[in-house]
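The values are calculated or read from the model by the stated rules, or taken from the named source; none is laboratory data. Model, not experiment: these values are computed from the prediction. Note: ideal-geometry Cβ built from the backbone for every residue, glycine included; neighbour counts use all protein chains shown.
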Amino acid sequence: MGSDRKHSPPVAAPFLPTNRAEMRSRGWEELDVLFISGDAYVDHPSFGTPLLARLLEAEGYRVGILAQPDWRNPEALRGMGRPRLFAAISAGAMDSMVNRYTAAKKVRNDDAYTPGGRAGMRPDRATIAYTAAVKGAFKGLPTVIGGIEASLRRLAHYDYWDDKVRRSVLVDSKADLLLYGMAENALLEVTRRLAAGESIADIHDVRGTACLAKAAPDGAVLLPAYEAVTADLAACNTAFRLAAHETSPFNGKPLAQQHGERWVVVNPPALPLNEQELDRIYALPFVKQPHPAYAEPIPAYEQIKFSITGHRGCFGGCAFCAITHHQGKTIQSRSPESVRTEIDQLTRHPEFRGTVSDVGGPTANMYGLGCGDPAAQAACRRQSCLYPEICPQLRTADQRAVRLLRDLRAHPAVKHLFVASGVRFDLLARQPDYFADLLTHHVGGLLKVAPETVSPKVARIMRKPGPRVFEQFLDSFREESRALARRQAVIPYFISGHPGCTLADMVEVALFLKRHNLRVEQVQEFTPTPGSLATCIWHTGRDPFTDEVVYVPRDARERRLQKALLLWHLPEQQADVREALKKAGRTDLLGELCGDQVAVPASSRQPVRRQPRRKPSR
């Protein structure tokens, strides 16, 4: 391992240390790495900080976790002493600004990653605040930042809450190194090199990391400087486009962006983990419970307590989504044996009663899928394997996923096995056995899908398949459900206020919902989160790849009316629905969407394509 002292194998203990007493129970007087997280400590692989800490523990390093420390009090960070190597800092499982504020920029009343769901337990811009606190508590200690907040803010980026372009979080936090993506191998390499005595200032060549340099390295793709991106919308689009072309771990080049007199250098992404590497991570000795110091339930844990992650990554490439930017486009699947072993362990949980709440990932039916041509994958620069059409090289066969589900539901301790993760309905037509098993065995009455819109124009901007594919899926779903004599319904997720979406577009979406007997339970109002294509369009008003001008619904009132149209069936939304129809010039639809018996002159009516009547779903 190259360390300057020999590490004995880790002493068995249920949780990683969170204080001095727990360190001493392991016989430790000093940590090698101190992890700091904006989330409560839940010893579960769905939480990034415990996963990475367990990985270092398995390598023989002494690690501790400070969860949601008081960043205003240096003593709160000194409880376990100064770590020997470095502090690893993360805002948590969500960007701290998304976690704290709504799309309307109002303060949220809760935080799912905090005991009792209490809000306010982490600072705004937590990566910056925690790093400053560590530097104040431990002078000269190397600091490494990571997690989704750091990952998506690694370059100059538009910030919705400041309504301006901000510098790379590496510059603003003054951290020594930034790890982006899932970071397991990057963190291992950095830790080994620091343990071997190398200075963190000399670690500038690790895949999946970003660092500051005095000059751009040879061969790097030069992005417009922070100062140019701040002053010029066209430069902002150019920077996004150039960076997006280098996201492949197989052919991406380093990126370099000047910030004043220094350069932010982003090395190519880490290579995807192979099956053995992923299996090893999920075999680490997670307790699968919150730390016993917590007296209140942690909502995020309650959601995933009896769930299984089968894979990571997503090749959908949706414009508004950050998953691909963080987890990568390559699907990394666990072996069936690894998943089965986790089920075995789950059955020993004191609260397990036979129900596995989810077997999935970012997109459930991408398990086992990937590129069928290694040479094509090595050269590929597509942002999505599904848009504008499904790539002919994509391996979409469902046999591996079907075998996994059939094996798991045959487990003697499993009574119910659900797939609660969303599915890509545009893949299901190529996965008939998976689709049949899903509806027969794994849907608890409701199936989550995410068309996001049924406006062809908006779907193109979102990089989604559009209404025809969704209609075909609905027909197949209802036909199969009737054949099974099951009362099952689709829960569709839609986005309001997305770039490109007008009130007229949303009226058509409302009509589609009404005429297809669909009722939306939740609406995601578009929030411009760092790093996504849709956020770049929101800021610049143009598509960075085509330079097409795109309408952006920034007015708060219009965003409210768009959201109301998706919830047209709720009585409390009717006043806003009426206003929206009037503003869109569609008073001819007041009767259909609002039940108003209003006589409308024939000359003012607009033709609307009627959908065939279908049996209502629940």
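Looking for something of a type in the set (G, A, S) and over 18 Å from L179 (Cβ atoms) - is there at least one such residue anywhere in region 63-71? Scanning region 63-71 turns up at least one residue that is of a type in the set (G, A, S) and over 18 Å from L179 (Cβ atoms).
Here are some residues: R559, R542, R519. Which one is basic (K, R), under 21 Å from L233 (Cβ atoms) and out of contact with any Cys (no Cβ under 8 Å at 6 or more places or on another chain)? On inspection, the qualifying residue turns out to be R542. Please return the ranges of helices (runs of 4 or more DSSP H) entirely within region 409-519 where 1 or more residues are more than 27 Å from G368 (Cβ to Cβ). Counting at least 1 such residues, we get 456-462, 467-483, 503-515.
Considering only residues in region 378-408 that are assigned to a loop (DSSP other than H, G, I, E, B) and among the acidic types (D, E), the one that is surrounded by the fewest Cβ atoms within 10 Å (Cβ to Cβ) turns out to be E389.
Restricting region 236-247 to residues that are surrounded by fewer than 20 Cβ atoms within 10 Å (Cβ to Cβ) and out of contact with any Gly (no Cβ under 6 Å at 6 or more places or on another chain) leaves a set whose member that is farthest from H539 (Cα to Cα) is T247. Among the residues of region 428-443, at least one is surrounded by 16 or more Cβ atoms within 10 Å (Cβ to Cβ), of a type in the set (V, I, T), out of contact with any Asp or Glu (no Cβ under 9 Å at 6 or more places or on another chain) and at pLDDT below 95. When you check V63 against the structure, is it surrounded by fewer than 22 Cβ atoms within 10 Å (Cβ to Cβ), among the β-branched types (V, I, T) and either touching a strand residue (DSSP E or B) at 6+ places or on another chain (Cβ under 9 Å) or at negative phi (or both), yes or no? No; evaluated as a whole, the condition is false for this residue. Do we have any residue at all in region 183-192 that's within 23 Å of the chain's Cα centre (by Cα), acidic (D, E) and at pLDDT 95 or above? Yes, region 183-192 has at least one match. When the residues of region 450-496 are filtered to those that are of a type in the set (A, V, I, L, M) and free of Cβ contacts under 8 Å to residues at least 40 places away in the same chain, the one that is surrounded by the fewest Cβ atoms within 10 Å (Cβ to Cβ) is A485. Looking at region 36-66, which of its residues are in contact (Cβ under 8 Å) with a residue 60 or more places away in the chain, in contact with a Pro (Cβ under 9 Å, 6 or more places away or on another chain), aliphatic (A, V, I, L, M) and within 19 Å of Y113 (Cα to Cα)? Result: I36, A40, V42, L51.
Among the residues of region 357-372, which ones are farther than 12 Å from L438 by Cβ and either part of a strand (DSSP E or B) or touching a Cys at 6+ places or on another chain (Cβ under 9 Å) (or both)? Hits for region 357-372 are D358, G361, P362, T363, M366, L369, G370, C371.
Within region 36-60, the set of residues being crowded, with 24+ Cβ neighbours inside 10 Å, assigned to a helix (DSSP H, G or I) and of a type in the set (A, V, I, L, M, F, W, C) comprises L52, A53. Answer yes or no: is there a residue in region 262-271 that is within 30 Å of V339 (Cβ to Cβ), crowded, with 19+ Cβ neighbours inside 10 Å, in contact with a helix residue (DSSP H, G or I) (Cβ under 7 Å, 6 or more places away or on another chain) and among the aliphatic types (A, V, I, L, M). Yes: one or more hits. In region 521-550, which residue that is surrounded by 16 or more Cβ atoms within 10 Å (Cβ to Cβ) and hydroxyl-bearing (S, T, Y) is nearest to H325 (Cα to Cα)? Going through the qualifying residues, I end up with S532. Filtering region 25-35 down to residues that are within 19 Å of L77 (Cβ to Cβ) and touching a Pro at 6+ places or on another chain (Cβ under 9 Å), which residue is surrounded by the most Cβ atoms within 10 Å (Cβ to Cβ)? Within region 25-35, the match that is surrounded by the most Cβ atoms within 10 Å (Cβ to Cβ) is L34.
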